[in-house]
Amino acid sequence: MLRSSLGFHTMTLFLKLSLNRADLLITDFDTYRKNTGLIEIYKKNERGEPIIYYHRSPFMPLELNIYFKGRYRGIKWYIRASKASSSSSDYVVEATINPKILAGIIDYLTAATYSDINYATANFNSISHEISPLLQSFYDYKISRVDYCVNISLDEIIPGYNSEQIMNLIKRSDIPPHYEEWMIYDKKAHRMKSKPESFYLISKSVNINYYSKYLQLQNVSQEKIDKGFEPIDPEVIAASRNIYRFEVQCKYYKTYSLSQKAAKVEDFSCNKYKSLLTPVKCIEIISNYYKKTIGEGDWYTLSEAIKIIKSKNYNCQREKKLINTLKYVNQYRSLYKAKKTIPEDQLRSFNEALNDLSNLNINPVAIPREWNIKHIPNLLRTYFNKLLLASCDYSMENIEMDSTIYGYMTYKEKFGHPPI
């Protein structure tokens, strides 16, 4: 079985409440804490620091965070005054869940799939029932966010390549319109900088993040310790060393759009989870945004890519156009930076050249000559190819159990071609 995996890892559900019902719900959480000691309730003080909160009805806080103490159970709550309403009497309860962990599978390295949902929803409903009837059931909530992801094990997909070099190439990729790279202020450099271990793009509706799972788990583990939770097992962190995650965080506006489309295909459930979480939808979302940012082609050195172009016997004008496009991107060491300098009247021609290069399976970002590496395959397409090979060795029973392989096959049937 492949260690690489595709699906989703967290999702956020929301339920609207009146002020009176929100007051009763917080009281029920407070009672559950007193009776079991399993959860803690926090609010932020004037400095934005979390402090333990004890409810005194009818005084209502603007927002509260609620966590299970000790080992993470795959669910946390956020109760807040509604931002979308002019009335102060409207509240929202948000439940952010990790379906894999909520299903009872303590696994930080494998994406959740549709097959995990039944167990996750059963546990969600059981926990909600124990705390308060006002939490209702999974099926009463709407979904405000889904984080789709693919975890790619470099050791498995492209063994022998340096993970830092791979991230170096990823960070030279394109930044689509209406996106910007997330940065923080670097005190040493005295300027805003992105984190070296991630390529994180943000927009109003979707965030895209390509990052080291190893470094992320180290940070999450430390955060758990700071909050009084058990840290992540060091063996799990060690096992994630060469795993990179490509993540598409579909926020409210994107999720709402996807839900509206689901309603048109007769998914009449309240939260449209049956449409939003299918293997085909996961593959479609991941493939689409991977293509927009990283691209469809393989990485080559500039000289190797030029050899491929010249082998096609194009006319002189077309050959020159493609080679000059590669050299231009190489000059700026980033597709996005090169694009920014292209005059508007030449942008269409530049994009046409990029499309031609993609059809030749060439990523316009070139491998630095000094690395002494001629070629690095596209990670997502290589994963899908591995998935296809793995499916040949499976019995039909196993194929039905592996929703990602099922989704890969169904995607080809639906769209007539493999993803990426």
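The values are calculated or read from the model by the stated rules, or taken from the named source; none is laboratory data. Fair warning: this is a prediction, and the values are worked out from it, not measured in the lab. Cβ coordinates were reconstructed from backbone atoms using ideal geometry, including for glycine residues, and neighbour counts include every protein chain displayed. These area figures cover heavy atoms from the full protein model, side chains too; ligands, DNA and RNA do not enter into them. Shrake-Rupley method; radii C 1.70, N 1.55, O 1.52, S 1.80 Å.
For the reader, a short list of remarks on this structure follows.
- The residues of the chain have, on average, 52 Å² of accessible surface per residue, using a 1.4 Å probe with all protein chains present.
- Sites listed here are trypsin sites (Lys or Arg not before Pro) in the stretch 22-87 whose DSSP assignment is loop and whose Cβ has at most 11 other Cβ atoms within 10 Å: R47, R71, K83.
- ³J(HN,Hα) computed for each position of the stretch 119-130 - Karplus, 6.51 cos²θ - 1.76 cosθ + 1.60, integer Hz, glycine/proline x: 5, 5, 5, 4, 6, 4, 5, 5, 5, 4, 4, 5
- All aspartates and glutamates inside 17 Å of K327 as judged from Cα atoms, apart from same-chain residues fewer than 8 positions distant: D174, D298, E304, E319, E352, D356, E370
- Between D233, D107, D345, the residue with the greatest mean-square fluctuation in the GNM of the chain (Cα pairs under 10 Å linked by springs) is D345.
- Of the cross-linked pairs K43/K142; K310/K337; K83/K251; K76/K213, those separated by over 19 Å at the C-alpha level are K43/K142; K310/K337; K76/K213.
- Candidate aspartates and glutamates - alpha carbon under 20 Å from K272, same-chain residues fewer than 8 apart omitted: E94, D116, D140, D147, E284
- Helix 252-264 axis, angle to the chain major axis (alpha carbon atoms, nearest 10°): 90 degrees
- Karplus (6.51, -1.76, 1.60) ³J(HN,Hα), θ = phi - 60°, over the stretch 353-360, in Hz, Gly and Pro reported as x: 5, 4, 5, 4, 5, 4, 5, 8
- On Cα atoms only, tilt of 279-293 relative to the major axis of the chain in degrees: 50 degrees
- Carbon plus sulfur fraction of accessible area for the chain, probe 1.4 Å, in percent: 50 percent
- Value of relative contact order over the chain, rounded to a whole percent, pairs C-alpha under 8 Å and six or more apart: 17 percent
- Taken over the chain, the alpha-carbon convex hull comes to 187 cubic angstrom per residue.
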